[in-house]
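Undergrad: Shown below is the structure under consideration.
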Amino acid sequence: MSLKGFDGYLTRLGVTDPGAPSAEALAALQRAHLERVPYENIDIQLGRPPGIEPELSARRFAAGHGGYCFHLNGGFAALLEALGYDVTRHVGGVHHEPEGRGANGNHLALTVRVGGEAWFVDAGLGDGPHEPLPLRPGTYRQGPFTYRMEPSVTEPGGWTFHNDPGSSFPVMEFAARPVTMADFAAEHLRLSTAPDSPFLNTFAALRRDAKGLDLMRGRVLTRIDAAGRTERTLDTAEEWYAALADVFGRNLDALDARDRATLWDRVTRAHEEWLATSRP
């Protein structure tokens, strides 16, 4: 796909001149991506999961949609390559236990080499780093969040990313070997259609910026920043859809009245089930 095919994508990012490959330009692109293209699973919730072909993802981003890691990092990797960056795709594994390890395939991770240095680049974690992290051991502070990188002890040559302690998951580990998008096809099918998939059972939207994170899980809208954590429950469909558009920048034009009613009903039922199980 030529760079011209990414014009709409770059417009969505607010980038008129990406410049030559450099660490500074790479950081600017990741910041723009995280601020303008949300992590979200609207279409999976509606039972029509989009494919993970990078060309399709680029068109969806240009149209104001988001996605999850296979869409977000898949499209971002293709854009970076078209801009001249040296990008490697890796099989990764997001773990919800602090001691979780291994690249189990539920995440697409990226590394980029530019200016003689390698970087961990990720636009698909939702609440991951706002900017690339050097691919070397260390602890890194970005805004109110702290991250850590260390060599993997279970994936030879791979890396372990430790997320901020207050994040939705503590660890993501990825293998060293390069892979292609085809390596994620089966896992994408499972995550987007299996009855026990969290992407099918729970609505989520996330947007990272320099000062913090916006998160909507079900009907609860959360802001996390240096001031702490604030939450409010969205009581009406109008409030909920307004937050999607205004806070997360998700274009909703493709959702007709039936889609909106179906999605709101699904989110509300899940919210009520969560309330029932969380009450003492």
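Derivation of every value follows stated rules applied to the coordinates shown; laboratory data play no part. Worth saying up front: this structure is predicted, and the values here are computed from it rather than measured. Here Cβ is always computed from backbone atoms with ideal geometry, including for glycine, and neighbour counts include all displayed protein chains.
Undergrad: Apply the membrane-span-like helix rule to the chain: whole DSSP H runs, Cα extent along the own long axis of at least 30 Å, mean Kyte-Doolittle hydropathy at least -1.0. List the helices found. Don't skip to the end; give the middle numbers.
TA: On the way: long enough: 257-278 (31 Å, -0.95).
Length and hydropathy pass: 257-278.
Undergrad: Here is a further query. Let me spell out the model: positive unit charges on the Cβ of Lys and Arg, negative unit charges on the Cβ of Asp and Glu, origin at the Cα centre of the chain. What dipole size does that give, in debye rounded to 20?
TA: That gives a dipole near 80 debye.
Undergrad: Continuing with the same structure: Mean separation of Cα pairs under 8 Å and 6+ residues apart, divided by the residue count of the range 3-186: what relative contact order is that in percent? Please list the in-between numbers first.
TA: On the way: 363 pairs, mean separation 37.2, N = 184.
Once normalised by length, the contact order is 20 percent.
Undergrad: Pick from Glu99, Glu35, Glu24: which residue has the top mean-square fluctuation in a GNM of the chain where Cα pairs under 10 Å get a spring?
TA: Fluctuation is largest for Glu99.
Undergrad: Sorted from fewest to most neighbouring beta carbons within 10 Å, what does the list Ser278, Ser167 look like?
TA: So the residues, fewest neighbours to most, are Ser278, Ser167.
Undergrad: Between beta-carbons, use under 11 Å as the cut-off and find the net charge around Val37, counting Lys and Arg +1, Asp and Glu -1. Write down the numbers at each step before the final one.
TA: Working: positive: Arg12, Arg36, Arg60, Arg207, Arg208, Arg250; negative: Glu35, Glu40.
Cβ neighbours under 11 Å give a net charge of +4.
Undergrad: Taking the Cβ of Trp159 as the centre, find all other residues whose Cβ is under 9 Å away and add up their charges (Lys, Arg: +1; Asp, Glu: -1).
TA: Taking every Cβ under 9 Å from that of Trp159, the sum is -3.
Undergrad: Assuming R0 = 30 Å, can you tell me the calculated FRET efficiency for the pair Thr146 and Ala23, based on Cβ-Cβ distance, to the nearest 0.05?
TA: It comes out at approximately 0.90.
Undergrad: Ok, one more. Taking the Cβ of each residue in Val114, Val220, Val179 as the centre, tally the other Cβ atoms inside 10 Å and list the residues starting with the fewest.
TA: In increasing order of surrounding Cβ atoms, one gets Val220, Val179, Val114.
Undergrad: Another question, then. At 222 nm, what value in deg cm²/dmol follows for the chain if DSSP H runs of at least 4 each add -39500 (n - 2.57) and the sum is divided by all its residues, to the nearest 500? All intermediate terms of the calculation are to be shown ahead of the outcome.
TA: Values: 9 runs with 93 residues, N = 280.
Counting only the DSSP helices, I get -10000 deg cm²/dmol.
Undergrad: Normalising by the residue count of the range 130-280, find the relative contact order in percent from Cα pairs under 8 Å and 6+ residues apart. If you can, show how the numbers build up before the last one.
TA: Working: 182 pairs, mean separation 19.9, N = 151.
With pairs under 8 Å counted, the relative contact order is 13 percent.
Undergrad: Oh, and also: With 10 angstrom as the radius, rank Met181, Met172 by how many other C-beta atoms surround their C-beta, starting from the fewest.
TA: Ascending number of Cβ neighbours within 10 Å: Met181, Met172.
Undergrad: Can you list residues whose amide H is under 5 Å from Gly128's amide H, if they're 5+ apart or on another chain and H is modeled 1.01 Å from N?
TA: So Gly128 has HN proximity to no qualifying residue.
Undergrad: Cα centroid distance between the range 13-64 and the range 82-143, in Å?
TA: For the range 13-64 versus the range 82-143, the Cα centre distance is 16 Å.
Undergrad: Go through (i) 51, 44, 39; (ii) 99, 42, 20; (iii) 59, 45, 32 and flag the label whose value is the computed Cα extents along the principal axes in Å for this structure.
TA: The value matching this structure is (i).
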